[in-house]
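Report on the following structure.
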Amino acid sequence: MRSISILYLATLSTLSQAQTTPIGAWQDHLPYRKAVAVEVGGGAVYCAATSGLFRYDPGAGEFDRLTKVNVLSDVDIQGIEWNDPLSTLLVFYSNGNLDLVKGDVGYNMGDIKRSSLLGDKAIYSAHFEGTTAYLGCGFGIVKVDLERREVRETWFIGPSGSQVRVNDIAFYGDSIYAATQNGLYVAWQGAANLAAFDNWRKRQDMGGGMANGPFNAVSKFGDRLLLNFRGSTPDADTLLILDAGNAFQHFEPLYGRQTENLNVSADGQLLIAPHRYDIHRYDLDMNELARQYGYNGQGVFAEQAVQGPDGAMWVADRGQGLVRGEGFDTGTSIIPNGPRNASAFRMDSHGGALYVSTGGVEGNWASKFLKDGVHNYVDGTWVSVDPDNNTIMQGVNAFAGAVNDVMVVAVDPRDPDHAFAGSWDEGLIEFRGRLPQTIYNSTNSALQAELNGAPGKVNVAGLDYDRDGNLWITNAFSNNPIVVYTKDGAWQGFDPGSILNGVYLVSDILAARNGYKWIIRPRGNALLVFDDGGTITNTSDDRYKLLNNIPGTGGLPSQDVYCIAEDLDQQVWVGTNKGVAVFYTPEAIFNSDDYDAQQILIEQDGNVQILLETEAISAIQVDGANRKWIGTQTSGAFLISADGQEQIQHFTAENSPLPSNNITSLAIDELTGEVFFGTDRGIFSYRGDAIDGADDSECVKVFPNPVHPSYTGPVAITGLVVNSEVKITDVSGNLVYRTTSLGGQAIWNGNDMSGNRVSTGVYLVFASDRSGTYKCNTKVLVTR
């Protein structure tokens, strides 16, 4: 068999996006391999995954992503349908939301989502009669005037007006048919009030105990009505045909196959029926014309399939994204570049390289056995490695069978082409050139197998590089729960002894700049701080201390610690299930009794309160201006000032492109200021206005330059020493603007000191650090 032909589409603009994304702009990093719906219209093919969709031009071989960043209003797409009279794509969601997309413009109709209706609001199907849409919903049917963008009627068609989930709708003869979870409901099209439930009746004449459904698809095909009964087990469906005599007959060729839906071509001449493992095409006489049972050796897992105007069959496949099916075992998979899945448990970024772990554990820290591997993102391109596409990720532990539950990643700050990943099963995986090279476990390193656990199980959930280039590792449930892999390739394990009281569960680790190592102890065990005395190989001077929520021994707001970060002032910020706390004097941990963490008091609406007191803090990252990006489990992400007193940004799923308010992880590209948000529904990024400061000032880049008339965003001057003073003048030396850099980047909004837009011309940029030691100058052209 031939290998599957996969077309990864990446335009030049995509490859350079990391360098050209404007400050304040968003970018999606969604997976498109697991497709849920496909539609053809307007000369393009539309393919939807749950979090977004893309539009593919078969002639040009190009695509456009359509997501919350640019067009859509929501995520968790349930389906799409093309309305030809209006040249508009309907995108409908699991929460009842509805988007109308025409070209590059989206219009939201959130009536169902916003309604006070209790129950299942999801939209499961859309049927068109001209410019009128009939939406099959979790409670009934909604009639929508698409041209006027108005909801006209809502029909509760169940007995006594009860709610019933409508999976599909068809107009046949003089009647409307609704395939529901509870049976096939029918009403006369000419009824005066179809919102009245007594105008609907349930047909009982299917035989074989099928009258009460569920039915997942109904469609008019020629002079027939087709209806699919969804069996209680896979491959137990029954396709029924309503004949001219108004009686249902079984269609034997498809008996027992799990039919996902029934799709009739735009000219009404072909029926396409996708199943679990193949796809059938039939003519008007129900004669089989073609069957797709693979894509060049790969199996079919179709969610939906439609006929294109060129005769090609386009498939939304659960494993191969959008597929151009050419019959039998021939097909081409078209997948926009992105990670293979939406998982983002932990992230780390250095030198322009982002790595993402995809694993996780149960609430009791037992394995989930997730095998989704590692994603990495470099130069605008995603690469994912997992047991399906990489032999090393198939693991060396015979008991495990593959690398499970990748919990953490760390990019080498001195070499972004070098990284590590920690598995809650296989130990430590070393990456070079974006691909795994070696697995370290109890046989070839100081890492130890789990005490009294599965044979060879090595648990790594924490990684961090120290200032000297040594990699610090947590090795949970072992006698040496702290391990270091030095920059010289030596290994050393550390045993805290009785201080842990036999609880060897450890996760995230922070190697602070003063030499202390901070380790999270999950499940309400707070923190462990370790000092190796600056002598890794000499354990006689090692010191350990447990921190908790008791005053005098940590003073944390809670013992449930989820994340930890060190800021540019070497203060340690801790995220708990009861907000944020800061160790302002971490150097005092072993030398004083006065080191407790403090919560930050802020004034809001005239009241003094504790910063994020009621939030479960899932992630903390520090940007180049020492500001803190804080992710929460339920309230999105916050950007606060360096001291925590000022809220600068608050991004949520409601006011930004974020797909969810559950932030699982954060990472910052220190070179560009791009902030990556890992959520339970995928990764999005936002280009912030702060980058790390340079060691000396070279004014390496002004972006954009020149500033074109159409550009309205900020101008960035990068390559500066932290907190540099920046002055912008015209060519005559008149001061136009002045500011202070955020880390190593200064922002100019294109206005003068009075807030007026500057005119066309060349402007000079002068920058110097506070001491005047480092100075630079450059220029920027502005056109209006």
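The values are calculated or read from the model by the stated rules, or taken from the named source; none is laboratory data. The shown structure was predicted, so the numbers you read here are calculated from the model rather than taken from an experiment. Reconstructed Cβ throughout: ideal geometry from the backbone, glycine too, with neighbour counts over all protein chains shown. Ligands, DNA and RNA are stripped out before the accessible areas are found, and what is left, the full protein with its side chains, is counted by its heavy atoms. Shrake-Rupley method; radii C 1.70, N 1.55, O 1.52, S 1.80 Å.
Considering only residues that are open to solvent by 30 Å² or more (accessible area, probe 1.4 Å) and within 23 Å of the chain's Cα centre (by Cα), look in region 69-90 and name the one that is farthest from Gly24 (Cα to Cα). The qualifying residue farthest from Gly24 (Cα to Cα) is Gln78.
Just to check your reading of the model, which residue among Gly631, Gly636, Gly624 is under 27 Å from the mean Cα position of the chain (by Cα) and at positive phi? Explain how you work it out, then say what you get.
Details: Gly631 fails: at positive phi; Gly624 fails: at positive phi.
It is Gly636.
Of everything in region 212-239, what is open to solvent by less than 50 Å² (accessible area, probe 1.4 Å), at pLDDT below 95 and among the small types (Gly, Ala, Ser)? Give them in sequence order. Result: Gly213, Gly222, Gly231, Ala236.
For region 575-589, give me the residue count where each residue is open to solvent by less than 40 Å² (accessible area, probe 1.4 Å), closer than 23 Å to Gly533 by Cα and either in contact (Cβ under 8 Å) with a residue 40 or more places away in the chain or touching a helix residue (DSSP H, G or I) at 6+ places or on another chain (Cβ under 7 Å) (or both).
We begin by selecting, within region 575-589, every residue open to solvent by less than 40 Å² (accessible area, probe 1.4 Å); these are 575-576, 579-583, 586, 588-589.
So of that shortlist, the ones also closer than 23 Å to Gly533 by Cα come out as 583, 586, 588-589.
Now narrow it down to the ones that are either in contact (Cβ under 8 Å) with a residue 40 or more places away in the chain or touching a helix residue (DSSP H, G or I) at 6+ places or on another chain (Cβ under 7 Å) (or both): 586, 589.
Residues flagged as open to solvent by less than 40 Å² (accessible area, probe 1.4 Å), closer than 23 Å to Gly533 by Cα and either in contact (Cβ under 8 Å) with a residue 40 or more places away in the chain or touching a helix residue (DSSP H, G or I) at 6+ places or on another chain (Cβ under 7 Å) (or both) within region 575-589 amount to 2.
Against the list (1) of a type in the set (Gly, Ala, Ser); (2) in contact with a Lys or Arg (Cβ under 8 Å, 6 or more places away or on another chain); (3) open to solvent by less than 10 Å² (accessible area, probe 1.4 Å), the condition Gly533 fails is (3). The strands (runs of 3 or more DSSP E) located wholly in region 411-480 that include 1 or more residues which are out of contact with any Leu (no Cβ under 6 Å at 6 or more places or on another chain), closer than 20 Å to Pro522 by Cβ and modelled with pLDDT of 95 or more occupy 418-425, 427-432, 458-465, 471-476.
Residues of region 89-120 being charged (D, E, K, R) and either part of a helix (DSSP H, G or I) or more than 13 Å from Ile77 (Cα to Cα) (or both), which ones?
Of everything in region 89-120, those that are charged (D, E, K, R) and either part of a helix (DSSP H, G or I) or more than 13 Å from Ile77 (Cα to Cα) (or both) turn out to be Lys102, Asp104, Asp111, Lys113, Arg114, Asp120.
From the list Gly140, Gly119, which residue is over 23 Å from Asn655 (Cα atoms) and open to solvent by 50 Å² or more (accessible area, probe 1.4 Å)? Lay out the reasoning, then the answer.
Numbers: Gly140 fails: open to solvent by 50 Å² or more (accessible area, probe 1.4 Å).
Only one candidate passes the filter, namely Gly119.
Is it the case, given these coordinates, that Asp569 is out of contact with any helix residue (DSSP H, G or I) (no Cβ under 8 Å at 6 or more places or on another chain), under 30 Å from Ser724 (Cα atoms) and not in a strand (DSSP E or B)? Can you show your working first?
Details: out of contact with any helix residue (DSSP H, G or I) (no Cβ under 8 Å at 6 or more places or on another chain): yes; under 30 Å from Ser724 (Cα atoms): yes; not in a strand (DSSP E or B): yes.
The answer is yes for Asp569.
Candidates in region 481-514 are the residues that are among the aliphatic types (A, V, I, L, M), closer than 24 Å to Cys563 by Cβ and open to solvent by 30 Å² or more (accessible area, probe 1.4 Å); of these, the one that is modelled with the lowest pLDDT is Val503. Summed over region 581-615, residues that are in contact with a Lys or Arg (Cβ under 8 Å, 6 or more places away or on another chain) and of a type in the set (A, V, I, L, M) total 1. Note on region 673-699: among residues that are more than 11 Å from Leu354 (Cβ to Cβ) and of a type in the set (S, T, N, Q), the one that is modelled with the highest pLDDT is Thr679.
Is it the case that region 535-551 has a residue that's among the aliphatic types (A, V, I, L, M) and in a helix (DSSP H, G or I)? No, region 535-551 has no match at all. Is it the case that Tyr93 is of a type outside the set (Asp, Glu) and either farther than 21 Å from Gly41 by Cβ or open to solvent by 40 Å² or more (accessible area, probe 1.4 Å) (or both)? The answer is no for Tyr93.
Please go through region 88-109 and give me each residue that is aliphatic (A, V, I, L, M) and under 14 Å from Leu66 (Cβ atoms), ordered by number. It would help to see each step written out before you state the result.
Going residue by residue through region 88-109, those that are aliphatic (A, V, I, L, M) are 89-91, 98, 100-101, 105, 109.
Result: Leu89, Leu90, Val91, Leu100, Val101, Val105.
Of everything in region 550-567 that is of a type outside the set (A, V, I, L, M) and open to solvent by 70 Å² or more (accessible area, probe 1.4 Å), the residue that is farthest from Ile482 (Cα to Cα) is Pro551. Considered as a group, the residues in region 383-404 that are open to solvent by less than 30 Å² (accessible area, probe 1.4 Å) and in contact with a Leu (Cβ under 9 Å, 6 or more places away or on another chain) include one that is nearest to Tyr440 (Cα to Cα), and that residue is Asn404.
Figure legend. Inter-residue proximity from region 499-517: first residues in contact (Cβ under 8 Å) with a residue 40 or more places away in the chain, second residues charged (D, E, K, R) and open to solvent by 50 Å² or more (accessible area, probe 1.4 Å), beta-carbon distance below 6 Å, spacing 6+ or different chains. Indicated pairs: Arg513/Arg467; Asn514/Glu587. Looking at the structure I just gave you, is Glu147 touching a residue at least 12 places away in the same chain (Cβ under 8 Å), surrounded by fewer than 17 Cβ atoms within 10 Å (Cβ to Cβ) and part of a loop (DSSP other than H, G, I, E, B)? Yes, satisfied. Of the residues in region 37-56, at least one is more than 22 Å from Ala344 (Cβ to Cβ), outside any strand (DSSP E or B), open to solvent by 50 Å² or more (accessible area, probe 1.4 Å) and modelled with pLDDT of 90 or more.
Within region 725-739, can one find any residue that is modelled with pLDDT under 90 and open to solvent by less than 20 Å² (accessible area, probe 1.4 Å)? So far as region 725-739 goes, no, none of its residues is modelled with pLDDT under 90 and open to solvent by less than 20 Å² (accessible area, probe 1.4 Å). On the stretch given as region 295-308, residues that are touching a residue at least 60 places away in the same chain (Cβ under 8 Å) and open to solvent by less than 60 Å² (accessible area, probe 1.4 Å) total 9.
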